[in-house]
1. Please report, in whole Å³, the volume per residue of the convex hull around the C-alpha atoms of the range 18-151.
2. So if R0 is 41 Å, what FRET efficiency would ALA27 and SER81 give, r being the distance between their Cβ atoms, rounded to the nearest 0.05?
3. Roughly speaking, what is the stretch gain from THR108 to ASP51, that is 0.36 nm per residue apart minus the C-alpha to C-alpha distance, in nm to one decimal?
4. Name the residue from ILE80, ALA142, CYS44 whose Cα lies farthest towards the positive end of the charge dipole of the range 18-151, charges +1 on Cβ of Lys and Arg and -1 on Cβ of Asp and Glu.
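Here, each number is a calculation from the coordinates, and none is a lab measurement. What you see is a predicted model, and the numbers here were worked out from it, not measured in a lab. As a convention, Cβ positions derive from the backbone with ideal geometry for all residues, glycine included, and neighbour counts pool all protein chains shown.
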Amino acid sequence: MGESTKSPLAAPTPNLGVDSVYMSSRALRVLIADDYEAVRVGLCAILRSADISVCAQAKNGEEAVEKSIQLRPDLIILDISMPGIGGLEAARQIRIFLPDVPILFFTTHNTPEFFAMAKSVGAQGFVTKDQVAVRLLEAVDALRHKETYFSF
């Protein structure tokens with residue numbers, strides 16, 4: 001189904017707060033960019049349930065770039081299709097200013113072409129919106145540990 005550098009036997013952790021010991025004493029700070037408010041709210045709830053802090057939300061690519069540069073999150077979750085520049089171009093621009101911040105695409109586009117485009121702009125993760133919430137948390141956990149997570 002997907003490729004991950006995480007062990008396939010690793011069980012999903014319902015509360016990722018324990019993993020923060022490996023990161024630092026500071027909670028993981030995530031920026032979410034999606035043009036649908038309901039998706040942003042849902043992502044916030046899923047991440048907060050795992051003790052992950054959402055430092056900002058953006059409704060388009062331009063906001064995602066601006067807020068990423070301003071807030072310097074630990075991880076960025078982008079939708080591919082958003083008004084304006086969209087997620088792929090936003091990722092290209094973010095990479096210029098924040099080359100080491102992991103980018104995870106969370107999208108409805110589950111084609112090999114979009115998967116390849118996400119990789120080409122430097123994404124470390126790709127999860128489609130039709131997958132269960134635990135997949136998203138697995139991806140976030142992998143990226144926080146400097147691994148990749150691609151599932152579509």
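1. Considering the Cα atoms of the range 18-151, their hull volume per residue is 91 Å³.
2. Plugging the Cβ-Cβ distance into 1/(1 + (r/R0)^6) gives 0.90.
3. The THR108-ASP51 span can extend by a further 18.0 nm.
4. In the range 18-151, that residue is ALA142.
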